[in-house]
Each structure stands twice: as C-alpha cells, then as structure tokens.
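Structure first, commentary second.
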Amino acid sequence: VREAVFSILGGSASASSVLDLYAGTGALGIEALSRGAEHATFVEQSHAFAVMLRRNVEELGLTDRVEVRIGDVGRALSWMEKAERRYDLVLADPPYGRRLAERLIERLGSGRLLAEVAVVFVECGKEETLPDHSGILERTVERIYGETKVAFYRSGEARGAAGKES
C-alpha cells in the first residue's frame with residue numbers, strides 16, 4: 001500500500017513541510033523525507049512507537065529534519081493550530097473503525113493547518129465512509145487495497161499525481 005501511496009503522491013511527496021499523524025514507527029513521514037521533503041512533524045500517542053520512531057530517525061540521520069510529538073492527535077492539532085503551523089502534505093493512518101479518518105478530514109478542511117496548496121492522505125478501513133469535500137479540501141483519489149481504503153484530498157491548486165481521477 002505504501003508503494004502505491006507514494007506513486008499516487010508523485011512530486012507532492014517532496015513537500016517542504018510534512019505532518020505525519022498516528023505515525024507509528026514513522027514509515028510514511030520517513031518515506032516523504034527520503035523523497036525530498038524538507039521537514040516532518042510526527043505525532044504518535046504510543047510512547048513505545050514514538051521511541052521506535054525516534055530510533056529510526058536517528059539511524060537514518062534525519063534528526064535535524066524531524067520533530068516528534070508524543071500524545072493525543074487532537075491535542076497536538078490544537079497546539080499546532082494555535083502555533084499557526086502550516087503543512088504542505090499531511091499523512092494519516094489512524095486506527096480503523098472509529099471514524100477517526102472522517103473526523104480528521106473534517107478538521108483539516110478548516111484549512112488552519114494547511115499551506116495554501118496542500119495534499120492530505122488518509123488511510124482507513126475499506127468500509128469507512130469519507131467525505132467528497134470538507135471545507136477547503138476536495139477528495140481527488142480513493143482506492144481500496146484489500147481491507148484498506150486510501151484517499152487523497154487537495155486544497156488550493158495542489159495538482160500533480162494526486163490530482164482529480166474519474
């Protein structure tokens with residue numbers, strides 16, 4: 001699935017500022033860094049996963065390009081909104097079956113965390129429903145791989161490989 005995701009993202013993966021939510025070991029954000037992203041902020045609630053993520057970042061020599069925040073994603077997003085952080089690419093792989101992906105798209109649709117031109121990727125269970133539009137976000141791609149659904153949204157003039165599909 002990760003290979004398919006970055007194939008669809010294309011040049012969007014080299015965004016200057018990446019936000020990886022529900023980061024786990026950081027595979028998505030680290031992949032974006034390896035494809036040219038300048039900086040990534042990772043948010044992971046599990047202390048154990050955050051320790052692994054930090055270890056992965058150190059082993060790859062990416063420490064100066066990474067910020068790791070341990071804690072609840074909702075609280076982290078509130079802090080980032082208050083700090084007026086903006087991201088070109090948001091990657092999110094929340095736990096399936098809890099409508100977290102849908103609520104995340106609704107929140108990101110406000111635009112408070114997104115750069116003028118941004119791409120948002122979410123992963124969820126194939127049975128979950130995601131909105132076509134939310135605020136400034138428009139869904140451009142949705143695919144199912146086994147039990148996993150992936151969706152891409154764009155704001156502003158974000159185009160490229162994550163552009164509109166029929």
Segment Thr148-Ser16, extension gain: residue separation times 0.36 nm, minus the distance between their alpha carbons: 44.8 nm
Could you derive backbone 3J(HN,Hα) for the range 17-34 from the dihedral phi with the Karplus parameters 6.51, -1.76 and 1.60 (θ = phi - 60°), listing whole Hz in sequence and x where the residue is Gly or Pro? 10, 10, 10, 10, 9, 6, 5, x, 8, x, 4, 5, x, 5, 4, 4, 4, 5
Only Lys, Arg, Asp and Glu count, each charged at its Cβ (+1, +1, -1, -1), so figure out the dipole size of the chain about its Cα centre, rounded to 20 debye. 200
The relative contact order of the chain, taking Cα pairs under 8 Å that sit 6 or more residues apart, comes to a percentage of 21
Compactness of the range 86-134 as Cα Rg over 2.2 N^0.38 Å, two decimals: 1.11
Using only the Cα atoms, what convex hull volume per residue in Å³ does the range 1-59 have? 75
Please state the equivalent ellipsoid semi-axes for the range 18-141: what are the square roots of 5 times the Cα gyration tensor eigenvalues, largest first, in whole Å? 23, 16, 14
By how many degrees, 0 to 90 and rounded to 10, does the Cα axis of helix 47-59 deviate from the longest principal axis of the chain? 80
Amide H contacts of Gly111 (H built 1.01 Å from N, under 5 Å, at least 5 apart or other chain): Ile136
Using just the helices of the chain, give the 222 nm mean residue ellipticity in deg cm²/dmol: DSSP H runs with n ≥ 4 each add -39,500 (n - 2.57), and the total is spread over all residues, rounded to 500. -8500 deg cm²/dmol
Each residue of the range 138-154 in order: what ³J(HN,Hα) in whole Hz does its phi give by Karplus 6.51 cos²θ - 1.76 cosθ + 1.60, θ = phi - 60°, with x for Gly and Pro? 10, 6, 10, 9, 9, 9, 10, 10, x, 8, 10, 10, 10, 9, 10, 10, 9
log10 I(q)/I(0) for the range 37-79, Debye formula on C-alpha points only (no solvent), q = 0.29 Å⁻¹, two decimals, reads -1.02
Connecting C-alpha atoms closer than 10 Å in a GNM of the chain, tell me which of Tyr153, Tyr22, Tyr96 has the biggest fluctuation. Tyr96
What residue among Arg86, Arg65, Arg139 shows peak mean-square fluctuation when the chain is described by a Gaussian network model with Cα springs under 10 Å? Arg65
For the range 109-154, what's the relative contact order in percent, using C-alpha pairs closer than 8 Å and at least 6 residues apart? 44
Zone of Arg99 (label point 7 Å along Cα→Cβ, backbone N under 14 Å): which residues in the range 108-139? 128-131
Inter-label distance for Glu127 and Met52, nm, one decimal - labels placed 7 Å from Cα along Cα-to-Cβ: 2.6
Most mobile of Gly109, Gly26, Gly61 in a GNM of the chain (Cα contacts under 10 Å): Gly61
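Any read-out appearing in this document is the output of simple, stated calculations on the displayed coordinates, not a laboratory observation. Just so it is clear, the structure is predicted and the values come from calculations on it, not from any experiment. Here the Cβ is made from the backbone with ideal geometry for all residues, glycine too, and neighbour counts use every protein chain on show.
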